[in-house]
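The values are calculated or read from the model by the stated rules, or taken from the named source; none is laboratory data. Just so you know, these numbers come straight off a predicted model, no measurement behind them. Backbone-built Cβ (ideal geometry, glycine too); neighbour counts: all protein chains shown. For accessibility, only protein heavy atoms count, side chains too; no ligands or nucleic acids. Shrake-Rupley method; radii C 1.70, N 1.55, O 1.52, S 1.80 Å.
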Amino acid sequence: MRGLRSVDLWERFWVRGIFILMLAVEVGGIGIMRMKSFLWLLFGKKMGLKERQLIERDENELNL
């Protein structure tokens with residue numbers, strides 16, 4: 001049988017593989033610009049106008 005089908009993750013992967021898969025899904029869902037802005041705030045850097053405009057464009061916002 002070909003095509004998409006669901007699989008039981010606990011039978012196919014080890015715990016480490018499931019953790020990596022969950023992490024990849026979370027990072028993909030968060031978005032690149034949101035992750036970048038979180039890291040900037042975490043390290044205490046200031047965001048300039050250019051970075052704010054990139055985030056605005058990424059999140060389809062109309063204003064800063």
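For segment 17-64, the candidate set comprises residues that are among the hydrophobic types (A, V, I, L, M, F, W, C) and assigned to a loop (DSSP other than H, G, I, E, B); within that set, the residue that is modelled with the highest pLDDT is Phe43. Within segment 13-26, being in contact with a helix residue (DSSP H, G or I) (Cβ under 9 Å, 6 or more places away or on another chain) and open to solvent by 60 Å² or more (accessible area, probe 1.4 Å) holds for Phe13, Leu21.
Kindly evaluate Ser6 against the criterion of being of a type in the set (Ser, Thr, Tyr), out of contact with any strand residue (DSSP E or B) (no Cβ under 7 Å at 6 or more places or on another chain) and surrounded by 10 or more Cβ atoms within 10 Å (Cβ to Cβ). So Ser6 does not fit the description; no.
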